[in-house]
Amino acid sequence: MLKIAITGGDGLVGSRIIELLNNDFEFITLPSSQMDITNKNQVFSVLKDLKFDVFLHLAAYTNVAKANEEKDLAYKINVEGTKNVFDVVSSQKKKFIYISTDFVFNGKNPPYFEDSSPSPVGVYGQTKYQGEEIIKNQAMIVRISYPYRASFEKKRDFFRTFKTFLEEKKPLKIITNSLMTPTFIDDIAYGLKYLINNFSNEIFHLVGSQSLSPYETALTVARLFKLDERLISTTTYEEYIKIKPGLPQYSDIRSKKNNFYQMNDFETGLKIVKKQLQI
Ligand SMILES: NC(=O)c1ccc[n+]([C@@H]2O[C@H](COP(=O)([O-])OP(=O)(O)OC[C@H]3O[C@@H](n4cnc5c(N)ncnc54)[C@H](OP(=O)(O)O)[C@@H]3O)[C@@H](O)[C@H]2O)c1
């Protein structure tokens with residue numbers, strides 16, 4: 001069985017990948033308490049004698065809005081941290097997979113495919129792209145977008161944020177003139193399973209099969225979970241980024257290369273989530 005060393009294995013995406021692929025691969029988790037990726041010496045001493053076949057790097061500074069205030073920390077984790085782990089893994093000639101984001105694109109001229117040119121708008125996207133640049137052509141880059149899952153105590157994704165607001169009868173003001181590509185994390189895990197078993201140093205987009213506006217997304221959540229749509233009002237992208245900068249406007253990301261795993265659209269993904277939640 002292939003041994004996968006994984007950073008970020010207790011995060012939103014990583015923990016579900018481990019849950020779903022535990023029978024396919026042997027995971028060796030590297031939590032930040034054991035290996036802080038910004039600590040070069042620690043990274044070297046943890047990895048130097050570790051036995052693994054593939055290194056799956058998810059650990060990142062992921063708070064998009066806050067990254068613009070905590071620029072140095074975002075850089076340290078996403079750029080220097082990536083370099084620290086990649087330097088050791090590549091010196092051992094092991095396979096490396098870097099999980100990246102649709103936020104490497106500026107959202108001005110969609111759609112975005114694997115061969116589109118990145119030009120990030122905020123600090124989070126910039127630092128994730130700088131991470132890509134370090135490993136480009138020497139590792140696999142897998143870009144994901146707006147990941148969601150049925151449950152995860154530690155962090156709410158956009159879907160559970162919308163759902164919780166509506167359940168608590170709190171109003172939501174959602175953007176109409178923008179696009180997002182919601183991606184079911186279970187699909188990311190199964191797509192990744194194929195890519196791990198068929199490794200190549202290329203870029204892949206593992207993203208949902210449909211892009212829609214955040215407003216349509218919120219309405220879909222309300223309808224499917226029978227929550228009150230009237231709580232959802234509208235705003236514009238221009239108003240929203242005054243408070244939360246760093247968001248690309250039209251994040252319509254697609255894949256030219258994914259002929260190996262059929263990703264779900266948002267509504268179908270949510271129907272599976274509903275079944276998983278048994279509601
Ligand atoms: N969530 C999204 O909307 C989204 C969208 C597109 C792409 N992505 C990418 O997908 C990946 C996973 O995202 P996520 O949302 O699952 O992340 P997350 O839940 O925010 O978790 C971040 C992970 O990174 C680890 N980490 C942070 N700083 C670290 C450090 N200095 N050393 C070692 N580990 C560190 C954290 O460990 P601790 O818990 O120990 O701090 C945690 O496991 C990231 O690379 C992200 O850029 C995410």
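The values are calculated or read from the model by the stated rules, or taken from the named source; none is laboratory data. If you're wondering where the values come from, they're calculated on a predicted model, not measured in any experiment. Backbone-built Cβ (ideal geometry, glycine too); neighbour counts: all protein chains shown. For accessibility, only protein heavy atoms count, side chains too; no ligands or nucleic acids. Shrake-Rupley method; radii C 1.70, N 1.55, O 1.52, S 1.80 Å.
Look at the stretch 1-30 and say how many of its residues are more than 17 Å from V88 (Cβ to Cβ), in a loop (DSSP other than H, G, I, E, B) and small (G, A, S).
2
Within the stretch 49-61, which residues are closer than 25 Å to L195 by Cβ and out of contact with any strand residue (DSSP E or B) (no Cβ under 9 Å at 6 or more places or on another chain)?
Y61
Of all residues in the stretch 206-224, how many are in a loop (DSSP other than H, G, I, E, B) and either open to solvent by 30 Å² or more (accessible area, probe 1.4 Å) or touching a Phe, Trp or Tyr at 6+ places or on another chain (Cβ under 9 Å) (or both)?
Total satisfying the criteria: 6.
Residues are listed down the side, and each one gets a yes or a no for (1) of a type in the set (F, W, Y); (2) at pLDDT below 95; (3) surrounded by 19 or more Cβ atoms within 10 Å (Cβ to Cβ):
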site	(1), (2), (3)
L56	no, no, yes
E69	no, yes, no
N84	no, no, yes
S91	no, no, no
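Can you tell me how many residues within the stretch 1-15 are aliphatic (A, V, I, L, M) and surrounded by fewer than 22 Cβ atoms within 10 Å (Cβ to Cβ)?
Residues meeting the conditions: 3.
Say we look at the stretch 31-82 and pick out the residues that are of a type in the set (G, A, S) and outside any helix (DSSP H, G or I); which of these is farthest from the ligand (Cβ to nearest atom)?
Restricting to residues being of a type in the set (G, A, S) and outside any helix (DSSP H, G or I), the top hit is S33.
Name the one entry in I144, I203 that is within 30 Å of V85 (Cβ to Cβ), within 11 Å of the ligand (Cβ to nearest atom) and of a type outside the set (K, R).
I144
Out of (1) open to solvent by 20 Å² or more (accessible area, probe 1.4 Å); (2) closer than 30 Å to V46 by Cα; (3) within 15 Å of the ligand (Cβ to nearest atom); (4) not hydroxyl-bearing (S, T, Y), the odd one out for Q138 is which?
Against the list (1) open to solvent by 20 Å² or more (accessible area, probe 1.4 Å); (2) closer than 30 Å to V46 by Cα; (3) within 15 Å of the ligand (Cβ to nearest atom); (4) not hydroxyl-bearing (S, T, Y), Q138 comes up short only on (3).
If we scan the stretch 210-219, do we find a residue that is among the hydrophobic types (A, V, I, L, M, F, W, C), touching a residue at least 60 places away in the same chain (Cβ under 8 Å) and touching a helix residue (DSSP H, G or I) at 6+ places or on another chain (Cβ under 6 Å)?
no
Among the residues of the stretch 98-117, how many are within 14 Å of the ligand (Cβ to nearest atom) and over 16 Å from the mean Cα position of the chain (by Cα)?
Residues meeting the conditions: 1.
Give the stretch 16-30 a look and list any residue that's touching a residue at least 60 places away in the same chain (Cβ under 8 Å), within 14 Å of the ligand (Cβ to nearest atom) and open to solvent by less than 20 Å² (accessible area, probe 1.4 Å), or say none.
Across the stretch 16-30, the qualifying residue is only I17.
Any residue in the stretch 227-244 that is open to solvent by 10 Å² or more (accessible area, probe 1.4 Å), under 30 Å from I134 (Cα atoms) and basic (K, R)?
Yes: one or more hits.
Show the residue pairs meeting these rules: Cβ distance below 8 Å; 6+ apart or different chains; first residue within the stretch 255-279 and at pLDDT 95 or above; second residue of a type in the set (D, E) and open to solvent by 60 Å² or more (accessible area, probe 1.4 Å).
K256/D115; K257/E202
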